[in-house]
Structure formats: C-alpha cells, structure tokens
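Read the structure below first, then the notes.
The values are calculated or read from the model by the stated rules, or taken from the named source; none is laboratory data. These figures come from a predicted structure and were not determined experimentally. Here the Cβ positions follow ideal geometry from the backbone for every residue, glycine too, while neighbour counts run over all protein chains shown. Side chains included, ligands, DNA and RNA excluded: accessible areas come from the protein's heavy atoms. Shrake-Rupley method; radii C 1.70, N 1.55, O 1.52, S 1.80 Å.
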Amino acid sequence: MNSLRRSFGPILSLVIVVLVGVWVIGMIVGPQLIMVEQSLWNKEIGGDAAMNSTRIDRLYNEVDTLGFDISDAEALAESPKRTEKIATITAEIDAKKSTIKELEAVEIKPEKIYSFKNYTLMGASHFFIFVKTIGAAVAVTIIAFIVCYPIAFTVAKVATPGKAALIMLFLIIPYSINELLRVFAWLMILDNNGVANLLLGFMGFDPISFLGSGAGVFIAMIYAYILFMVFPIYNTVETLDSSQIEAARDMGAPTWQIHRKIVIPHAKPGIAVGCIMTFMLSAGSFAVPNIMTRGIAEPWFTQLIYNKFFESSNWNVGSAYAFTLVIACIVFIFMMMRFFGVGIKDIAK
Amino acid sequence: MSHVSSSAFGRSSQIILNVYLVIFFAYMFLPLILMVVAGFNDFDTPSVTTWKGFTWKWFGVLAQDTRMWTGLINSIMIAVGVILVSMPLGLAGAFMITRFQSRFNGLLYGVMVSPLLTPGIILGISTLIFWREGGVSGGLFTAAVAQATYISSYTMLMFMARLKRQDVTLEEAALDLGASHTQVFRRITMPFLKPTILTASVIAFLQSFENYNTTIFSIGGSHTLVTEIGSRMRFGLTPAVNVIGIIFVVLTVTFATIYVIFREREKKRAAAVAG
C-alpha cells in the first residue's frame with residue numbers, strides 16, 4: 001500500500017483501491033459467486049405443498065379430537081390420575097400445534113434447499129448437446145490453427161513490409177466486421193435457396209439442407225472465429241529473430257524442422273492464447289447457433305442456457321448450465337497452459 | 001528487416017504460399033461481397049441467386065425503420081456509459097498493478113483479466129442475476145455494466161502498456177520540488193496518459209457497439225442496434241439487414257485502411273529513429 005501512497009497520496013490511493021474493489025468484487029467475483037449460489041438451490045413447493053396441506057388439515061382434526069378428550073377428562077372426579085391425563089393431552093395438543101406452525105411456515109414460504117440437483121437434472125439429450133458443443137469448439141480451434149499458422153508466419157516473417165501491410169489490412173477488415181453480419185453472409189450461402197445449393201445444382205447434386213442438419217452452425221463458426229487465431233500467433237512469431245531461421249536453413253534444416261524446432265516453440269504463448277480465444281468464443285457463442293439453426297436444427301448448449309433463463313424462467317437450472325460451460329472453459333484453459341507450458345502471465349499479455 | 005530474405009525460400013514454396021493466400025482471402029471476402037450485392041437486389045428476401053434488378057430502395061426502407069433507430073440510440077447510450085465506467089476502472093487497475101508491489105499482485109491481475117477469457121454470455125447472465133438480487137431488472141443499465149466488466153480489462157491492458165514506458169522519476173522530482181499529489185496527477189500523469197485515454201475510448205466504444213453475446217443476455221426487454229439485427233436475422237429477414245451490412249462494411253474498410261496506414265507510418269518513424 002505504501003508504494004501506491006507514495007505515488008498518489010492518500011486520497012487518490014483510496015480512490016484507486018475503491019475503484020479496483022468495485023470492479024473486482026462488484027462486477028467480476030460477486031456476480032460469478034451469486035450465479036454459482038443460484039445454481040446450488042431450488043425452491044421446493046411443487047408436490048410437497050399438496051402433501052403438507054393435507055397433513056395440516058389432519059393435524060387440526062386431531063387437535064379438535066384431543067380438545068374433546070380434555071373435556072371428557074375434566075368431567076372426571078378430582079384425582080392425581082385426572083391431572084396427569086389432562087397434562088399429557090395438553091402436551092400432545094401443544095406438540096401438534098407447533099408442528100402445524102412449522103408446516104404452515106413452509107407452506108407460505110417455500111424453502112430454499114441446497115443441493116447439486118440442478119446439475120444432475122441435465123438429461124442424456126442435453127448432455128449430448130453439451131458434448132457436441134464442446135466437440136465442435138475443439139474442432140473449430142484445431143482447424144483455425146492449421147489454417148491460420150501459415151498466414152501468421154507469412155505476415156510476420158516471409159512477406160516484404162509492403163505486402164505484409166496489405167495482408168494485415170485484408171485480415172483486419174473481415175476481423176472487424178460485426179460477428180452477426182459475418183454469420184449472416186453464410187446464412188445466405190447455406191440457405192436452401194442459397195449459393196451453395198445453386199452450385200450443387202449446377203454440378204448435378206441434390207440440394208442439401210445445411211441449416212437443418214446443424215452443419216451450417218459449424219461452417220459459420222469456423223468463419224466467424226478463425227481470425228482470432230491469427231493475431232496472437234502473429235504477435236509472437238514477429239518477435240522471433242529471423243537470423244535463427246536463416247541459420248537453421250543454412251545448416252540444411254528442412255522447412256518442417258524449422259517450424260517444429262524453432263518457430264512453434266517460440267510462438268507457444270501466442271498459440272495458447274489463440275486456441276483459448278477461439279475455443280472460448282466458439283463454445284460460448286450464442287450468435288452463430290441462434291442465427292444458423294433458425295429453429296429447425298437441434299439447439300446448441302448456449303441456446304439451452306438462453307431458454308432456461310428467458311423461456312422456461314428456471315434461473316436455477318440455467319445457472320447450473322451456465323456454470324457447467326464456465327467449468328469447461330476453465331478446464332480448457334488449464335489444459336492449454338499445461339500443453340504449451342505457459343503461465344497465466346504469458347497468456348494475458 | 002524483420003522478414004526472412006526471400007532467397008531462403010524456394011520459388012515453388014513461394015508460389016504455393018501465394019496460392020494459399022489467394023484462396024484464404026477469397027474465403028474471407030466472397031461471403032461479404034455476396035452480402036453487399038444482395039443489398040442492392042430488388043427482391044424481398046436477401047438473395048443473390050434470384051436477381052430482380054438493381055435498386056437503392058432498401059436504404060429507404062432501413063431509414064424508416066424506427067426500431068433500428070431506437071436501437072442505434074440505445075447502442076450509443078450504452079457505449080457512452082461503458083466508456084465512463086471502463087476508463088476509471090481500467091486506469092485504477094493499471095495503477096494498482098504497475099505501482100502497487102504486493103504478493104497478491106499476480107492473483108489480482110489474473111482476476112482482472114479473467115473477463116477476457118470468460119464467454120460473453122456468462123458475463124451477461126451473472127450480471128443479470130447479481131443485479132436482480134438488488135432489485136434491478138435487465139435493461140440498458142445492466143447491459144452497460146456487463147459489457148464494462150470485460151471492456152475494463154481491455155482498457156487496463158492498454159493503460160498498463162503505456163504506464164510501462166513512463167519515466168516515474170519525473171513524478172518523483174515534481175513531488176520533491178513540493179508539488180502536491182493531485183497536482184502531479186493532473187499535470188504529469190494524466191497528460192502522459194491522454195493519447196491512450198483517447199484510443200482506449202475508441203476501442204471501448206467499438207467493443208460495446210458491436211457486442212451481441214453479452215448484451216442479449218443482460219438487456220432484458222430493451223434492444224440495441226446489434227441485438228435488433230440479430231432478431232431480424234431470425235425472424236422477418238429483409239434486405240434492409242444487408243444495407244446495414246453495407247454500411248458496416250464501408251465504415252470498417254475505411255477505418256481499417258486508415259489504421260493500417262497510420263501503423264505503417266509509426267513503424268517507419270520508429271525504424272528511422274532506431275536506425
């Protein structure tokens with residue numbers, strides 16, 4: 001704290017600490033914790049409520065009968081046995097009344113019950129969709145790496161400065177065009193009356209329902225997120241000293257060896273970032289499946305989350321689904337960090 | 001020179017690489033060109049396969065679309081809100097990390113960049129749930145807060161990059177000469193950060209304006225331009241959507257070209273200074 005105070009004085013330091021606190025606690029950690037908490041409970045009203053009210057009715061009847069028993073007992077002659085009997089009946093009545101109170105409290109205010117039920121509720125079909133979504137995201141990531149690595153290497157190391165600038169411009173334009181519009185362009189291509197089916201028709205094939213089969217989502221996803229792989233790889237390859245490549249070549253190393261032994265090891269942090277970004281964007285994309293399934297193909301996991309929140313209004317299960325997605329992303333990030341041997345500091349550059 | 005001399009690569013691999021680049025950029029640009037062309041087609045659904053003649057009429061249709069206009073206004077309001085939130089937060093985060101030496105620094109840094117590694121829909125959902133607990137339901141406010149959560153991480157990284165190049169001795173000298181902390185902050189630190197504040201504001205505005213995934217989950221019953229485009233793509237598709245595409249493409253090409261020219265000039269200047 002002293003280092004901060006020395007630079008900014010007490011007042012500004014306090015402002016800085018408060019702002020960071022608001023951001024970290026109020027916007028990042030707090031909302032995540034509330035979401036996880038929400039995923040861990042349920043309000044139990046449904047079936048139990050009906051059972052509760054019959055139990056309450058029965059208890060009221062029993063209390064009434066006991067009331068008669070008391071007046072019967074009071075009619076008896078004074079004796080220790082009578083006093084004892086009245087005392088036991090009164091105690092029984094009190095016990096029943098307190099049970100009634102408890103049950104009524106539950107009936108009015110449904111109880112929050114903490115459990116992992118929301119997570120286990122996911123049936124086989126939803127779990128399959130989860131696996132499909134994650135699998136597709138992994139596939140998009142792998143394809144993006146294979147396609148983008150040569151491009152990034154070319155811009156960083158092969159092209160002349162003028163050509164590199166031009167390629168950079170051609171990369172930045174599609175990269176900056178809104179995600180929805182990029183997806184929309186593919187909607188027009190893959191639609192039943194779209195360009196792809198027109199071309200297939202010319203070649204004498206039957207039209208394919210790209211959108212109905214869910215293939216459209218995958219194709220558009222590759223297009224939408226592929227460029228997120230280029231820039232991180234480019235940034236790291238650019239820092240590699242070109243003389244290393246030339247030295248290896250002079251000593252007769254074949255091209256694939258140069259990449260395997262020199263360029264890729266150097267570019268590891270960039271590749272890790274590119275993979276994490278591409279995976280995270282694909283797995284968490286709502287835009288692409290929402291537009292490309294058009295309600296005819298099977299939904300994707302993000303659409304299931306959306307439906308839980310905004311169609312069936314079950315925020316508890318929705319939160320559980322959302323947190324499941326978060327866990328998948330965290331697992332992927334750690335796998336990438338291990339695989340490429342990089343730390344969190346290298347990633348968040 | 002950063003590039004490897006071309007003699008190091010055989011002619012055949014050069015040709016293969018060039019062919020590859022051409023195919024790649026055809027893949028990148030042809031869909032966008034189709035989208036632009038369909039915006040000029042005099043046909044009720046966006047299409048290039050059924051050509052009914054050239055028209056400007058979809059521009060007129062778009063101009064009269066009131067939901068799009070309110071969406072645009074909402075987008076701008078959210079984006080301005082995001083700038084107002086993410087500038088101070090990003091700046092405070094950057095100061096904290098660069099000037100505050102502590103063993104919690106690594107953890108704090110990890111938490112502050114984590115929104116960049118979190119799917120956008122999660123940021124939207126968690127913000128929505130969090131504010132509902134406080135009685136605030138989804139709307140423009142929650143959308144702006146949800147976006148600012150991760151856009152602040154961007155601005156923080158930009159401020160950190162700038163602060164790393166700062167000469168701290170200047171501040172220390174001013175303090176030694178009797179300037180107050182507020183004076184130093186206003187006269188030395190802020191002027192040094194001014195260019196970054198400008199570029200970070202532009203980035204924050206664009207990030208907010210373009211956002212779909214976070215916004216759709218946190219905006220409740222309201223809409224922005226982009227969420228409205230999203231719902232049009234699902235229901236009631238007209239070439240007016242393509243016209244928006246045309247406008248976006250023209251703006252993007254213009255700004256990207258300016259950016260690259262600017263970047264090249266900076267690079268040359270840096271090279272001239274160094275060499």
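Relative to one another, the C-alpha centroids of region A:281-336 and region B:87-157 are positioned 21 Å apart.
The sum of -39500 (n - 2.57) across all DSSP H runs of n ≥ 4, divided by the residue count of chain B, sets its helix-only mean residue ellipticity at 222 nm to -24500 deg cm²/dmol.
The Cα-based radius of gyration of region B:6-58, divided by its Kirkwood radius, gives an Rg/Rh of 1.34. Ordering B:PRO119, A:CYS329, B:MET28 by the projection of their Cα atoms onto the charge dipole of the protein assembly as shown, which places +1 on the Cβ of Lys and Arg and -1 on the Cβ of Asp and Glu, puts B:MET28 at the extreme positive end. Here is the list for region B:177-275: chymotrypsin sites (Phe, Trp or Tyr not before Pro) lying in DSSP coil, each with at most 16 other C-beta atoms within 10 angstrom of its C-beta, are B:PHE235.
Can you tell me the orientation of helix B:190-210 relative to chain B, as the angle in degrees between its alpha-carbon axis and the longest Cα principal axis, to the nearest 10? The angle comes out near 30 degrees.
In region A:119-347, the inverse of the mean reciprocal separation of distinct Cα atoms equals 19.6 Å; this is its Kirkwood hydrodynamic radius.
By the combined test of axial Cα extent (at least 24 Å) and Kyte-Doolittle hydropathy (mean at least 1.6), the qualifying DSSP H helices of chain A come to A:124-153, A:315-340. For A:ILE330, the accessible area of its heavy atoms, probed at 1.4 Å with every protein chain present, is near 80 square angstrom. Of the accessible area of the protein assembly as shown, computed with a 1.4 Å probe over protein heavy atoms only, carbon and sulfur atoms account for 67 percent. Chains B and A: how much accessible area gets covered up at their contact, both sides added, probe 1.4 Å, in Å² to the nearest hundred? The B and A chains share an interface burying roughly 8800 Å². Counting only alpha carbon atoms, the long axis of helix B:11-38 and the longest principal axis of chain B meet at about 70°. When the pairs A:LYS163/B:LYS52; A:LYS97/A:LYS117; A:LYS132/A:LYS268; B:LYS194/B:LYS267; A:LYS268/B:LYS268; A:LYS132/B:LYS52 are compared against a 31 Å limit on Cα-Cα distance, A:LYS163/B:LYS52; A:LYS97/A:LYS117; A:LYS132/B:LYS52 fall above it.
Probing with 1.4 Å while keeping every protein chain in the model, the per residue accessible area of region B:66-246 equals 41 Å².
Since only A:ILE305, A:ALA272, A:ILE89 are under comparison, the one whose Cα sits farthest along the positive direction of the charge dipole of the protein assembly as shown, derived from C-beta charges on Lys, Arg, Asp and Glu, is A:ALA272.
For A:LYS112, the aspartates and glutamates whose Cα falls under 13 Å of its own Cα, not counting residues fewer than eight places away in the same chain, are A:GLU37, A:GLU44.
In the protein assembly as shown, a dipole from Cβ-located charges (positive for Lys and Arg, negative for Asp and Glu) runs towards its positive end, and of A:PHE339, B:PHE255, A:PHE210 it is B:PHE255 whose Cα lies farthest in that direction. Mind checking B:244-252 for the average number of partner chain beta-carbons within 10 Å of each residue's beta-carbon? Across B:244-252, the average partner-chain Cβ count within 10 Å equals 4. Measuring max minus min along each principal axis, the C-alpha atoms of the protein assembly as shown give extents of 122, 81, 56 Å (largest first).
Computed about its Cα centre, the charge dipole of region A:68-143 is approximately 680 debye, with only Lys, Arg, Asp and Glu carrying charge at their Cβ. For the options A:TRP256, A:TRP315, A:TRP300, a Gaussian network treatment of chain A with springs between C-alpha atoms closer than 10 Å singles out A:TRP256 as fluctuating the most. Rolling a 1.4 Å probe across the protein heavy atoms gives region A:193-254 an accessible surface of 47 Å² per residue.
The charge dipole of region B:128-272, taken about its Cα centre with unit charges on the Cβ of Lys, Arg, Asp and Glu (plus for the first two, minus for the last two), comes to roughly 400 debye.
Between A:GLY252, A:GLY270, A:GLY212, the residue with the greatest mean-square fluctuation in the GNM of chain A (Cα pairs under 10 Å linked by springs) is A:GLY252.
For chain B, a Gaussian network of Cα nodes joined below 10 Å ranks B:LEU157, B:LEU237, B:LEU17 by mean-square fluctuation, and the top entry is B:LEU17. Take each residue of peptide A:190-196, count the partner chain Cβ atoms within 10 Å of its Cβ, and average: the result is 3. Assuming charge only on the beta carbon of Lys and Arg (+1) and of Asp and Glu (-1), the dipole of the protein assembly as shown about its Cα centre is about 2600 debye to the nearest 20.
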